[in-house]
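A.B. asks: Got a structure for you, written out below as structure tokens; questions coming shortly.
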Amino acid sequence: PAGGRRRAAALAAALAGGRVYRGALDNGFGWDDHIHIESAPFVQAPANARVLLTAGFWTGRVQVEGGARPLLLASLLADRALWGDAPRGYHLTNILLHAVSAATLAALAAAWTASTAAGALAGTLFALHPVQSEAVCAVSFRADLLAALFTLLALAARRRARVEVGWAWNAAAAACVGLGLLGKESAAAAPVLL
């Protein structure tokens, strides 16, 4: 069935992305990570996640470095809770986000073209393209990964809405656009793509 072939294309792309970046697991923090993760007081305490849910955060009364990207902050706080100071866990999160994005693109491309091979190729090229290196290998550039993932998920939800007419998939697409924007402003391209 077509669904099984799309899943195979998605898995191939995800595995390619995970494999090519597995070496990043041995990296420490680099570049802006020292400023935005190691030296940022807000992301040092996972309990600060509750601040992201307050009205003061959203109205600007509570100032937080990186506050324009709350989904990024939430993901860094989750990493802090899971991994503590260990960079390996933060890098694992980035690799997983990238792999899921590659898988989503592969499944979308397979569905759009009705070709498993085209889907696998598109997802694998996305997974392996060198332009992804900064976003995957530098933890503080995770905002790009979040914006890409939620933009792709919005496209997938919108595609489902066209196949299964109903408001739920359209609402899911809108929610994904919103989450993408909370990750990074570049997700503003999502409505145009939709």
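A.B. asks: Right, ALA10: surrounded by 13 or more Cβ atoms within 10 Å (Cβ to Cβ) and in contact with a Gly (Cβ under 7 Å, 6 or more places away or on another chain) or not?
C.D. replies: In short, yes.
A.B. asks: Within segment 26-45, can you find the residues that are in contact with a Lys or Arg (Cβ under 9 Å, 6 or more places away or on another chain), surrounded by 15 or more Cβ atoms within 10 Å (Cβ to Cβ) and modelled with pLDDT of 90 or more?
C.D. replies: Scanning segment 26-45 gives a single hit, ASN27.
A.B. asks: Name, by its number, the condition in (1) touching a Gly at 6+ places or on another chain (Cβ under 8 Å); (2) open to solvent by less than 20 Å² (accessible area, probe 1.4 Å); (3) at pLDDT below 90 that does not hold for LEU52.
C.D. replies: Result: LEU52 passes all but (1).
A.B. asks: So, one more: Could you identify the single residue in ARG69, ARG22, ARG80 that is without any contact (Cβ under 8 Å) to a residue 60 or more places away in the chain, among the basic types (Lys, Arg) and within 16 Å of VAL139 (Cα to Cα)?
C.D. replies: Unique residue meeting the criteria: ARG80.
Conditions tested, residue by residue: (1) under 19 Å from the mean Cα position of the chain (by Cα); (2) under 21 Å from ASP85 (Cα atoms).
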residue	(1), (2)
ALA13	yes, no
ASP26	no, yes
ILE35	no, yes
GLU38	no, yes
PRO41	no, yes
ASN48	no, yes
ALA55	no, no
THR59	no, no
GLU65	no, yes
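A.B. asks: How many residues, within segment 153-172, are in contact with a helix residue (DSSP H, G or I) (Cβ under 7 Å, 6 or more places away or on another chain) and either modelled with pLDDT under 95 or open to solvent by 20 Å² or more (accessible area, probe 1.4 Å) (or both)?
C.D. replies: 11
Residue-wise test of (1) aliphatic (A, V, I, L, M); (2) within 17 Å of LEU73 (Cα to Cα); (3) in a helix (DSSP H, G or I); (4) open to solvent by less than 70 Å² (accessible area, probe 1.4 Å).
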{"position": "ARG142", "(1), (2), (3), (4)": "no, yes, yes, yes"}
{"position": "ALA148", "(1), (2), (3), (4)": "yes, yes, yes, yes"}
{"position": "LEU181", "(1), (2), (3), (4)": "yes, yes, yes, no"}
{"position": "VAL192", "(1), (2), (3), (4)": "yes, no, yes, no"}
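The values are calculated or read from the model by the stated rules, or taken from the named source; none is laboratory data. As the structure is a computational prediction, the values presented were derived from the model and not from experiment. All Cβ positions, glycine included, derive from the backbone under ideal geometry; neighbour counts span all protein chains shown. Calculation scope for accessible area: heavy atoms of the full protein, side chains included, ligands and nucleic acids excluded. Shrake-Rupley method; radii C 1.70, N 1.55, O 1.52, S 1.80 Å.
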